[in-house]
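Bear in mind that the values in this text are calculations on the coordinates, not laboratory data. Predicted model, so just to flag it, every value in this text is computed and none were measured. Note that we place each Cβ from the backbone using ideal geometry, even for glycine, and neighbour counts take in every protein chain shown.
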Amino acid sequence: MAIQIIDNFLPEKEFHQIQSILMSNHFPWFYQDYVSESSEQDKFYFNHNFYYDSQPQSDFFNLWKNTLYKLEVKSLIRVKGNLHIKAEEMTYNNFHSDLPFNHKGCIMYINNNNGCTYFKEGEKAVEPKENRVVLFDPSIEHKSSRCSDSKIRITINFNYF
């Protein structure tokens with residue numbers, strides 16, 4: 001599966017409603033000690049599991065009903081939100097694969113910032129832009145970076161068939 005970038009993925013009104021919920025002071029984000037490996041403990045972040053272990057894990061799971069329809073999801077593996085805080089300077093997380101088998105994946109960018117997504121196979125970096133998605137096979141190695149130009153970087157990861 002090639003990497004595909006789609007801008008303005010959701011209708012503007014729907015996207016801004018989701019964005020306002022995720023960026024509010026009342027949305028529950030949960031502290032994680034490291035991003036992809038325990039050796040990265042200086043690179044903590046916050047997450048929110050919307051769907052995992054074959055069932056919704058969040059009262060906010062229904063935010064993604066239209067997204068899952070547009071992605072033509074046949075079988076959902078995981079929906080996970082990630083929130084990274086601003087770094088003094090750009091820092092990069094380690095390359096990782098989400099799961100060790102071929103499947104479909106989508107990263108949705110919730111806000112504009114300079115914390116790009118990189119793919120080990122030499123593809124260009126994908127710059128976060130609100131309401132942009134990148135479609136790819138998450139078994140290929142990829143990494144994120146923390147932003148230095150915004151207070152936070154929020155992405156939503158979808159893993160599915």
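Observations, loosely collected:
- Label point distance in nm, GLU127-SER54, each placed 7 Å from Cα along Cα→Cβ: 4.4 nm
- Helix-only arithmetic for the chain: the sum of -39500 (n - 2.57) across DSSP H runs with n ≥ 4, divided by the residue total, places the mean residue ellipticity at 222 nm at -3000 deg cm²/dmol.
- Listed pairs LYS43/LYS65; LYS104/LYS143; LYS13/LYS124 exceeding 25 Å between Cα atoms: LYS43/LYS65; LYS13/LYS124
- When the chain is treated as a Gaussian network with alpha carbon springs shorter than 10 Å, the biggest mean-square fluctuation among HIS96, HIS26, HIS48 belongs to HIS26.
- Cleavage-rule hits (GluC sites (Glu not before Pro)) in region 73-161: DSSP loop, at most 12 neighbouring Cβ within 10 angstrom: GLU88, GLU89, GLU121
- Choice from ASN82, ASN66, ASN47 with maximal GNM fluctuation in the chain (Cα, 10 Å cutoff): ASN66
- In this Cβ point-charge picture (+1 for Lys and Arg, -1 for Asp and Glu), the chain has a dipole of about 340 debye about its Cα centre.
- The distance from the alpha carbon centre of region 45-72 to that of region 122-154 is 19 Å, rounded to a whole number.
- Applying the criteria of a DSSP loop state and at most 15 other Cβ atoms within 10 Å to the trypsin sites (Lys or Arg not before Pro) of region 70-161 yields LYS74, LYS86, LYS120, LYS124, LYS129, LYS151.
- With a Förster radius of 22 Å applied to the C-beta separation of PHE46 and SER139, the computed FRET efficiency comes to 0.35.
- Once Rg/Rh (Cα atoms, Kirkwood Rh) is calculated for the structure shown, the corresponding label among [x] 1.76; [y] 0.95; [z] 0.92 turns out to be [z].
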